[in-house]
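Bear in mind these aren't lab numbers, they're just calculated from the coordinates by the rules spelled out. Note that the structure is a prediction, hence the values are computed from the model and not measured. We place every Cβ from the backbone using ideal geometry, glycine too, and count neighbours over all the protein chains shown.
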Amino acid sequence: MAKVFLNGVIETARDSINTFKEIVKLRQYYEEKIMDLGRRSKKAQKLLLYLFSYPVVDNKKVMNELAISFNSANRLIGALVD
């Protein structure tokens, strides 16, 4: 019984490692894409990091986190969506 349990723990740990690696690759991919946003890239990077911790946001959260206006938050979210 203990061997079956330990095999389950090992398999779960392997899956977690693979998931973590994929998340890191995804973050790197989007960090490279963000560089195409020109002067907005610095704020977009901050927003990207925020999104990896809090994947569901709205304009108000982005406004508060980045200390920007509603319109700026809206445009930045739109740029990342595009």
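Run the reach check for Lys46 against lysines, Cα to Cα strictly under 25 Å, same-chain hits fewer than 8 apart removed. What comes back? Straight-distance partners of Lys46: Lys21, Lys25, Lys33, Lys60, Lys61.
Between Val9 and Lys42, the modelled labels are 4.8 nm apart [label points 7 Å from Cα along Cα→Cβ]. Take Phe20, project a point 7 Å from its Cα along the Cβ direction, then tell me which residues of segment 28-56 have their backbone nitrogen under 19 Å from it. Within reach of a label on Phe20, which here means backbone N under 19 Å from a point 7 Å along Cα→Cβ, segment 28-56 contributes 28-29, 52-54. Here the chain is assigned +1 on the Cβ of each Lys and Arg and -1 on the Cβ of each Asp and Glu. Its dipole about the Cα centre then comes out at about 260 debye.
Compactness ratio for segment 27-67: Cα radius of gyration over 2.2 N^0.38 Å (N = residue count) comes to 1.13.
Using only alpha-carbon positions, what ratio does the radius of gyration of the chain give when scaled by 2.2 N^0.38 Å? Please list the in-between numbers first.
Values: Rg = 17.9 Å, N = 82, 2.2 N^0.38 = 11.7 Å.
My calculation over the Cα atoms of the chain gives 1.53.
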